[in-house]
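The values are calculated or read from the model by the stated rules, or taken from the named source; none is laboratory data. Treat the numbers as computed from the prediction; the structure is a model and nothing was measured. For neighbour counting, all protein chains shown are included, and Cβ atoms are generated from backbone atoms with ideal geometry for every residue, glycine included. To get the accessible areas, we keep the full protein, side chains included, count just its heavy atoms, and leave off ligands, DNA and RNA. Shrake-Rupley method; radii C 1.70, N 1.55, O 1.52, S 1.80 Å.
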Amino acid sequence: MSTLFVCITCRSAGDAGLQPRPGARLYAALKEQATDLEVVPVECLSNCTRSCSAVVSAPGKWTYVVGHLDPDRHVDDILQFARQHRAHDDGLPVWRERPEHVRKNTIARVPPMKVAKEFP
């Protein structure tokens, strides 16, 4: 199961007085539409210069950080990508099949974490 982590504190310099913040609006829209995905709010993804930001992650799969998400324009893009991520065993959806915004605004791709083996 892929999880979407969404920064709810995200805002750009021009959004300083907006309430709720764009990140919180993005989270609310994703939570409402993603009945088949887990959507988790987080306080900060330390990606402030590229806000709004979200992470797509799953155990044993690659993790993606995506930025420059507009809560009014990119909800469908990040949901489509999260579903593509979930559908691929290694979490590496075909690049050309990813939504254009995700292709152009992926901030980082992190390899799967390996679980340390216990020794007797």
- Query: Does Pro93 satisfy the criteria of being without any contact (Cβ under 8 Å) to a residue 24 or more places away in the chain, surrounded by 16 or more Cβ atoms within 10 Å (Cβ to Cβ) and either assigned to a helix (DSSP H, G or I) or of a type outside the set (Lys, Arg) (or both)?
  - Reply: yes
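Conditions tested, residue by residue: (1) among the β-branched types (Val, Ile, Thr); (2) under 30 Å from Gln19 (Cβ atoms); (3) touching a strand residue (DSSP E or B) at 6+ places or on another chain (Cβ under 7 Å).
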{"site": "Glu38", "(1), (2), (3)": "no, yes, yes"}
{"site": "Cys48", "(1), (2), (3)": "no, yes, no"}
{"site": "Pro59", "(1), (2), (3)": "no, no, no"}
{"site": "Asp70", "(1), (2), (3)": "no, yes, no"}
{"site": "Asp77", "(1), (2), (3)": "no, yes, no"}
{"site": "His88", "(1), (2), (3)": "no, no, no"}
{"site": "Arg96", "(1), (2), (3)": "no, no, no"}
- Message: For the stretch 56-75, which positions are crowded, with 22+ Cβ neighbours inside 10 Å and of a type in the set (Val, Ile, Thr)?
- Response: Val56, Val66
- What pairs come up if the first residue lies in the stretch 102-120 and is of a type in the set (Lys, Arg), the second is at pLDDT 85 or above, and their beta carbons are under 6 Å apart, counting only those six or more places apart or on different chains? Arg109/Trp62; Arg109/Tyr64
- Task: With respect to Arg83, determine if the residue is basic (Lys, Arg), under 12 Å from the mean Cα position of the chain (by Cα) and open to solvent by 20 Å² or more (accessible area, probe 1.4 Å).
- Result: yes
- Any chance the stretch 52-74 includes a residue that's more than 16 Å from Leu4 (Cα to Cα) and part of a loop (DSSP other than H, G, I, E, B)? yes
- Query: Has the stretch 110-120 got any residue that is open to solvent by 80 Å² or more (accessible area, probe 1.4 Å), closer than 18 Å to Leu45 by Cβ, out of contact with any strand residue (DSSP E or B) (no Cβ under 8 Å at 6 or more places or on another chain) and modelled with pLDDT under 95?
  - Reply: yes
- Task: Please work out which one of (1) of a type outside the set (S, T, N, Q); (2) under 15 Å from Asn105 (Cα atoms); (3) open to solvent by 30 Å² or more (accessible area, probe 1.4 Å) is the condition Ile78 fails and give its number.
- Result: (3)
- Query: Looking at the stretch 28-44, which of its residues are open to solvent by 50 Å² or more (accessible area, probe 1.4 Å) and either assigned to a helix (DSSP H, G or I) or farther than 17 Å from Asp76 by Cα (or both)?
  - Reply: Ala28, Lys31, Glu32, Gln33, Pro41, Glu43, Cys44
